[in-house]
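Where a number appears in this text, it was derived from the coordinates with a stated rule and is not lab data. On a predicted model such as this, the values are computed, not experimentally measured, just so you know. No Cβ is skipped: glycine too gets one built from the backbone with ideal geometry, and neighbour counts run over all protein chains shown.
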Amino acid sequence: MGVYRTLGLFFFILPLYGLPPQVATIIQPVSSNISLVVTHLGTNYTYSWRPNQRYNPASLIKLPILACLYNRVASERASLSNTLMHRARHTQSGAGILKHARPGEVYRLDTLANMMMRYSDNTATLMLIEYLDRQQINDYMRRIGMQNTWLKNPHLTQPPQSNQTTAMDIHQLLVQLARYELLSPTHTYELLSQMRQQIYRWGIPHWLPPSFSVANKTGTLGSVRHDVGLVIHNKDAYVVSILTEGLPKGTRAATIARIAEAILINP
């Protein structure tokens, strides 16, 4: 058994053949299309499958964008009550509700943050990227250890699809959030609350009983389907990161839901 060390945290990584049998059974037929990292936060016990495979993050990139915003607010270089104007150039296709809004309206930063997370709003996301500055977001991701993640194209649904992340990069971000090591307690609570309230529940939470609390963020673009999140049940807390690309049509969401169920119902 090897040790994966990063950001001052020790992750004990099982060999690929050491995946839990109920998880390996699901992954095996599509093993080249999936990456997985799972951590039990109480013990720090972690196992993974292709954790450093590169993917387009799709809407997962919104997690470090929001963390960057809260970091700027904490440094007193911004206030969540600051406002931005929605201009015609901001309107983006895909997820969200602001694409139906009339340009010229003004929105507070906290409203845009909530739209970005709860509705995965691409228009709100572009407005926040412009406000924070794309290079500043990339610099922030490097500082927090996301060495294999970058935001090159702020228009998330438009070519070129040059944005990138890995399951391990996103996983490390979530572990830091879950342990209240990345942001202030207030901003950590707010970000996790926004994840719990987001409307896309087809992945990790889909087949879990109501007794499981799930704060998750999905990503969808072409054949890309991702879901990552913090899952709490009784005294156990897990961070689960599942990234996929190229799964057969009609199976993409269900495969992620099945993996999550296998991980969490019979760990």
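How would Trp202, Trp150 line up from fewest to most surrounding beta-carbon atoms within 10 angstrom?
Going from sparsest to densest Cβ surroundings: Trp202, Trp150.
What number comes out for the charge environment of Leu208, summing +1 per Lys or Arg and -1 per Asp or Glu over other residues with Cβ under 14 Å away?
Computed value for this residue: 0.
Where q = 0.12, 0.20 Å⁻¹, what log10 of I(q)/I(0) comes from the Debye formula for segment 104-261, counting one point per Cα?
Log-scaled intensity ratios, in q order: -0.54, -1.60.
Rounded to the nearest 500 deg cm²/dmol, what is the calculated helix-only ellipticity per residue at 222 nm for the chain, with -39500 (n - 2.57) per DSSP H run of length n ≥ 4?
-10500 deg cm²/dmol
Report, in debye and to the nearest 20, how large the dipole of the chain comes out about its Cα centre when Lys and Arg carry +1 and Asp and Glu carry -1 on their Cβ.
Here the chain has a charge dipole of around 380 debye.
Calculate how many DSSP beta bridges within the chain are antiparallel, expressed in % of all such bridges and rounded to the nearest 5.
95
Lys152: which lysines have alpha carbons under 19 Å from its alpha carbon, excluding same-chain residues fewer than 8 sequence positions away?
Lys62
Sort the following peptides by mean Cβ neighbour count (other Cβ atoms within 10 Å, averaged over residues), highest first: 162-172, 74-84, 188-198.
Going by the mean number of other Cβ atoms within 10 Å, highest first, we get 162-172, 188-198, 74-84.
Viscosity 1.002 mPa s, temperature 20 °C: what is the translational diffusion coefficient of segment 86-134 from Stokes-Einstein with a Kirkwood Rh over Cα pairs, rounded to a whole number of µm²/s?
D = 206 µm²/s.
I'm a student and want to see the number: the projected area of the Cα convex hull of the chain, averaged over all directions, in nm².
Averaging across all directions leaves 13.4 nm² for the Cα convex hull.
In nm, what is the difference between 0.36 nm times the number of residues separating Thr186 and Glu130 and their Cα-Cα distance?
The span from Thr186 to Glu130 would gain 17.7 nm if fully extended.
Show me, for segment 200-209, the HN-Hα J-couplings you get by feeding each phi into the Karplus relation (A = 6.51, B = -1.76, C = 1.60, θ = phi - 60°), rounded to Hz, glycine and proline as x.
Computed from phi, the couplings for segment 200-209 are 8, 10, 7, x, 3, x, 4, 10, 8, x Hz.
Within 14 Å, Cβ to Cβ, of Tyr140, how many net charges do the neighbouring residues add up to if Lys/Arg are +1 and Asp/Glu are -1?
+3
Arrange the peptides 207-214, 221-228, 62-69, 106-113 so that the one whose residues have, on average, the most other Cβ atoms within 10 Å appears first.
62-69, 221-228, 106-113, 207-214
Report the equivalent ellipsoid semi-axes for segment 172-267 in whole Å, largest first, defined as the square roots of five times the eigenvalues of the gyration tensor built from alpha carbon atoms.
They are 23, 16, 11 Å, listed largest first.
Given Cβ point charges of +1 (Lys, Arg) and -1 (Asp, Glu) and nothing else, what value in debye, to the nearest 20, does the dipole of segment 183-267 about its Cα centre take?
So the magnitude is around 200 debye.
Could you give the size of the charge dipole of segment 28-99 about its Cα centre, using +1 on the Cβ of each K and R and -1 on the Cβ of each D and E, expressed in debye and rounded to the nearest 20?
Taking the Cα centre of segment 28-99 as origin, the dipole is about 300 debye.
Out of Thr25, Pro159, Asn122, whose Cα points farthest toward the positive end of the dipole of the chain (charges: +1 Lys, Arg; -1 Asp, Glu; placed on Cβ)?
Pro159
Hey, in the GNM for the chain with a 10 angstrom Cα cutoff, which one of Tyr45, Tyr238, Tyr55 fluctuates hardest?
Taking springs between Cα atoms under 10 Å, the residue moving most is Tyr45.
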